[in-house]
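Taken together, the values in this text are just the output of simple stated rules run on the coordinates, not laboratory data. Every value quoted in this text rests on a predicted model; they were computed, and no experiment measured them. Cβ atoms come from the backbone with ideal geometry, glycine included; neighbour counts cover every protein chain shown.
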Amino acid sequence: MSIVDKPKVSNSVAESQVSKIIRMALLLVFNVGAIWFIYQASTKGFYQIAIVLGIIVVFFDIIFTLEKGYPFRYMAFGLAFMLIFVIYPIFFTTYIAFTNYGDGHLLTKEQALRQIEQETYLPAEGKSYTWTAYKSAEGNYALWLVDKTTGETLLAKPGEPIISAKPGDPGIGEIGTDGAPATIDGYAKLNKLLAASDKTLPNIKFGEEGVEGAKTVQVRSPNEAAELQIRYLYDKAADTLTDQETGRVYYDKEGVFTSTDGRTVSPGFRATVGWKNFKNFFTSPALKGPLIRILVWNFVFPLISVVSTFALGVSIAIMYNEEGFPLKKLIRTLLLIPYTIPSVITILIWRGMLNSEFGVINRILNSIIGTAPRWTTEPIWAQIAVLIVNLWLGFPYMMLISSGALQSIPSDIYEAATIDGASSWQKFRSITLPLLLVAVGPLLIASYVFNFNNFGLIYLFIGGGPAIVGASTNAGHTDILLSYIYKLAFESGGRGVQYGLASAISIVLFILVGTMTLLQYRFTNMWEEVSENA
Amino acid sequence: MPNNNKIKQSSIKRQRRVSVIIRLIVAVLLIAFAIFPVLWMISASFDNSNSLATQSLIPANAGVSNYLRLFNKDPNFSFGEIKYWTWLSNSIKISSISTILSLTITTLAAFAFSRLRFNGRVGMLKGILLIQAFPNLLSLVATFTLISNIGNIVKAIGLNTHAGLILVYMGGSMGMNIWLMKGYLDTIPRAIDESGMLDGATPFQIFWHLLLPLLRPILFVVAILSFIGTYGDFLLARVLLNDSSKYTLMVGLQIFTAGQFDKKWGVFAAGALIGALPIMLIYFFLQDQIVGGLTQGSVKG
């Protein structure tokens, strides 16, 4: 720590005109793109994204125009990415935890309303046409329509805009005795009787569907076809939907438009539901029981993992630490192998090796002792298997860090202890271990946190299984919070995805992991170092 | 009594020799534990029977048919949804691009934090440290929703796109590597900057021409670690990609294990071995640099 101010690079910039023009041009392009994006986001109801991007635009505009913002230009992109993909998701998770986001409530209100407003119904009365049906060889239908009041003639096909057409137009034959064209290219006329008895015809919507302002026509009776009407009218001020056919009024109730007599309009949409997701855990035994099991295992599993990998790693480091031990380099290199393969791959290899029926481990055990544990179906054996695999995955790292730390323990302490007549075990207990723990302590905490969230191992090896009996969600005996969240959100197993519930658990995970990491900062004085050495 | 002393010495020597032999035996056992799964994978990949149930350490039916199957050269074996080479190239592409981008972002930021002086500098460093306590894989659901919403506006960076996945990796990279980079930059003497300043160089010129060449060793280590980390990522890639032609290798290999794993075991092992080899080679050739970087930085992710 020097008191004298360190020499620093001057922040003032001598910038050429050309680079200034390029900078401003790029900033302009960025602004145009970002503002377009913000506009699109707000029309789709993604207001939060719009706000976050808005903040970034303002921040970029300030630092890239004002001289004072110069140092921030270097970190602008890093901070922007961090804001969007790390900080915002933290807040967004908190928001989702208080919503019903999940199956049945996947859309924003804007998106849901847009779908609802496209729904139509066939009115009992109103504008009507006489109709003649045509059918193609492929089974497609076409309709020749005559407006009952104006006499205008129209040609309608499903999925295509209804066009006004006259007999004799290209592709349309001359008018027949029944007042409709005798032929339409590619289609054959159905006689009245055949058309009236056709069962699919009344269900076909002719014209474009779901396009604003487009007409859609449906057959109502053998003599009449009618234009479909918009079914629901949304009143923005009152936040109600009114069914035009029945006159029933629907109110927004926790993300579903619901009438007073309990009818609902789908799709539902995201809405805040207060503490419901959190309360569910305390009130529903089918949720509470499994969650407590998962929590306990989530603390126990990394603890045993860290202790076992550290014990093995330290033992190896000490055993082969001595200068001139034969084959020292080779032994260490071979023992490092588990560390050098992407863990996804080795976890899957272990999954095959520990397969209860065909796996090599059980084949060997069966032939030697005549019995073998069912690793995948018995909870306790599944947990043991996870710990064995993690011991294999984790001990080389512990070996690396502890042999590094061993080098830093001065040898004269051992000499002094030897003179005092200390045994090897005493030397280990009162010299090596305490000094080692001081050196690698922070890394052990980091390793605990890593294993606390070791989704890859739990999910790839055993999918969190075997399932907990009686759980209302897809919870298993080896599940940790993170794998449970994943399953709730993405692998519901037919129970419906539950983003809201998953986010509520994420909050718990945030608090636990955050506390542990902050503890690690305290332990290592990292916090103080930032202010002192910065 | 010189004779007595000699006996004592030779007994110590004998004790030592016994201890070495015991430790060597233990070493053999430990090595067996460490490399057995790897040997098993190699042996499975050369076992033509392609079955988990009949495989032995020295395959009775040795050959390269699993590799031919991986190359789609076996007409009797249908891959269906398995597109191994697409996955491998996706993985290499995604890891390379995110490594280069994240290195650019973090190096520039680390330069500013190390060399420039501005208001809120310490506060921001503390902020980054604080945010690091909440890794973005914990906000899985929010990240998924965010990318899905973004994709509703610009499809090219939404769900099931590599660009979207890379953007998410970018978000996490700042907190990960900035400490390593800044720490290294702090060790480079500031006299170098001053000499540049005297010549009238702008801060960016100092960074580009004077500091960047000196940063090469640490850039190399961070690049390797970041590449390995991204290459081995499973969770984010699994959540954000849902089309089998978009998968990364790690997601794809997991797909092998769905369904009748025991009937695809050999092909899986061949694919796993090819996928693991580049990373293993990197580790063996660059062991010392990587270990040095690791003990300063984070736990393997």
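Extension gain, B:R190 to B:N72: 0.36 nm times the residue separation minus the Cα-Cα distance gives 36.7 nm. Lys/Arg Cβ at +1, Asp/Glu Cβ at -1, dipole of chain A taken about the Cα centre: which of A:T432, A:F281, A:T65 is farthest positive-ward? With unit charges placed on the Cβ atoms, the residue in question is A:T432. Distance between the pseudo-spin-label points of B:N61 and A:I163 (7 Å out from Cα toward the beta carbon): 6.3 nm.
Classify the stretch A:17-97 from the C-alpha gyration tensor, please: rounded if a/c falls under 1.5, else prolate or oblate depending on whether a/b exceeds b/c. Taking the square roots of the gyration eigenvalues as a ≥ b ≥ c, the stretch A:17-97 is oblate.
Ranked for footprinting exposure by Cβ neighbours inside 10 Å, fewest first, A:W527, A:W131, A:W275 give A:W275, A:W527, A:W131. Taking the fewest neighbouring Cβ atoms within 10 Å as the starting point, the ordered list for A:Y234, A:Y499, B:Y247 is A:Y234, B:Y247, A:Y499. Taken about its Cα centre, the stretch B:84-256 carries a charge dipole of about 180 debye when Lys and Arg each add +1 at the Cβ and Asp and Glu each add -1 at the Cβ.
Applying 0.36 nm per residue to the separation of A:N140 and A:V438 and subtracting their alpha-carbon distance, the gain on full extension is 99.4 nm. Placing dummy labels 7 Å off each Cα toward the beta-carbon, the span from A:R522 to A:E323 is 4.3 nm.
If contacts are Cα pairs under 8 angstrom and at least 6 residues apart, what is the relative contact order of chain A in percent? The value is 14 percent. Label sites at A:K109 and A:T177, each approximated as a point 7 angstrom past Cα along Cα to Cβ, lie 6.2 nm apart. Loop-located trypsin sites (Lys or Arg not before Pro) in the stretch A:248-331 (DSSP state not H, G, I, E or B) with no more than 14 neighbouring Cβ atoms inside 10 Å: A:R263. Under the combined filter of DSSP loop state and at most 15 neighbouring Cβ atoms within 10 Å, the stretch A:146-242 retains these GluC sites (Glu not before Pro): A:E152, A:E174, A:E209, A:E212. Charging the Cβ of each Asp and Glu at -1 and of each Lys and Arg at +1, and nothing else, the dipole of chain A about its Cα centre rounds to 940 debye. Using only the Cα atoms of the stretch A:282-533, build the gyration tensor, take square roots of its eigenvalues as a ≥ b ≥ c, and label the shape rounded, prolate or oblate: rounded if a/c is under 1.5, else prolate if a/b is larger than b/c, else oblate. Cα axes put the stretch A:282-533 in the oblate bin. Please say if chain B is rounded, prolate or oblate, where rounded means a/c under 1.5 for a ≥ b ≥ c the square roots of the C-alpha gyration tensor eigenvalues, and otherwise the choice is prolate for a/b larger than b/c and oblate otherwise? It comes out oblate by the Cα gyration axes.
Multiplying the residue separation of A:K253 and A:L295 by 0.36 nm and subtracting their alpha-carbon distance yields 11.8 nm. Springs join every pair of Cα atoms under 10 Å in this Gaussian network model of chain B, and among B:I100, B:I147, B:I166 the largest mean-square fluctuation is at B:I100. Listed by Cβ neighbour count within 10 Å, with the fewest neighbours leading, B:T143, A:T108, B:T187 appear as B:T187, A:T108, B:T143.
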